[in-house]
Amino acid sequence: MPVVYRESTYQSGGAGNDATATSEASVTRDPTIGDVNFGVAYKFLDETPNLPDAVVSVRVKAPTGKEPFGIKLVRQPSNDNLYLPESLPTGNGVWSVTPGISLVKTFDPAVLFGSLSYTHNFEDSFDDISSQVNQKVGGKVRLGDSFQFGVGVAFALNEKMSMSFSVSDLVQRKSKLKPDGGDWQSVVSSDANAGYFNVGMTIAASDNLTIVPNLAIGMTDDAPDFTFSLKFPYYF
């Protein structure tokens, strides 16, 4: 069950009618539920001297978080060029399904791995898709599908710790909106190509608990400069 806390800072030039001045403001959202996802995996190939382990999987994501549609943009009194959302979303608002395949091959002391997946977002309707204040426009949303791949290598540092290096890329197609009574419109800058160089560790804290820190360094314009995650998988 994902719980999401968000804080976003927005900046704009032209504060006080001065082209060289900037202003900024932040919007926060208290911890609330995000989009829940669940899945199944099946290992259909065992590793041999010539073949890797192979696992296929299917994941489904449900729109249990707050969708981004219908959130109004409010102009800030201190800067006519700066608009802030009234709130922040915690999900993307639609159902999606992601089939994928993962391969792992051991070359002692290293392990090579790779993965490939495709995400299909299902079209859905909403009571309001407009971001303008005092305007409510119903319509349909068709988020762009995406595919993701990654390759990497991992090394065991000792019996409880391993380190991995990998490259991954996510390519997203354009999203589209269709206001009631109107035509489909592409959302500007909704397509993306986000590539990352990842450095991660896996630490066996106990027989049941694992600690997984990961640093992702952006390699393309659409990727963040860097992101850091820390996960605590627990096996019952």
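Read the figures in this text as sums done on the coordinates, not as results from a lab. Keep in mind that this is a model prediction, so the values were computed, not measured. Cβ placement follows ideal geometry from the backbone for every residue including glycine, while neighbour counts extend to all protein chains displayed.
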Q) In nm, to one decimal, how far is the modelled label at residue 24 from the one at residue 219, with both set 7 Å along Cα→Cβ? A) 2.9 nm
Q.
Using Cα-Cα distances under 8 Å and only pairs 6 or more residues apart, what relative contact order does the chain have, in percent?
A. 11 percent
Q) What length, rounded to one decimal in nm, is gained on full extension from residue 48 through to residue 232, with 0.36 nm per residue of separation minus their alpha-carbon distance? A) 63.2 nm
Q. What order, most packed first, do the peptides 55-64, 39-48 have when packing is the mean number of other Cβ atoms within 10 Å of each residue?
A. 55-64, 39-48
**Q.** Relative frequency of Cα-Cα separations exceeding 21 Å in segment 82-153, percent
**A.** 53 percent
Q: Arrange the peptides 123-132, 155-164 so that the one whose residues have, on average, the most other Cβ atoms within 10 Å appears first.
A: 123-132, 155-164
Q: Output the Cα-based Rg and Dmax of segment 108-198 in Å, rounding Rg to one decimal and Dmax to a whole number.
A: 20.3, 63
Q | Distance (nanometres) between label positions extended 7 Å along Cα→Cβ at residue 134 and residue 9 | A | 3.3 nm
Q. Rg(Cα) of segment 59-212 divided by 2.2 N^0.38 Å?
A. 1.41
Q | At 0.890 mPa s and 25 °C, Stokes diffusion of segment 1-145 via Kirkwood alpha-carbon radius, µm² per second | A | 130 µm²/s
Q | Alpha-carbon centroid distance for the pair segment 25-97 / segment 102-167, whole angstrom | A | 10 Å
Q) What FRET efficiency comes out for the pair residue 209/residue 36, r = Cβ-Cβ distance, R0 = 25 Å, nearest 0.05? A) 0.65
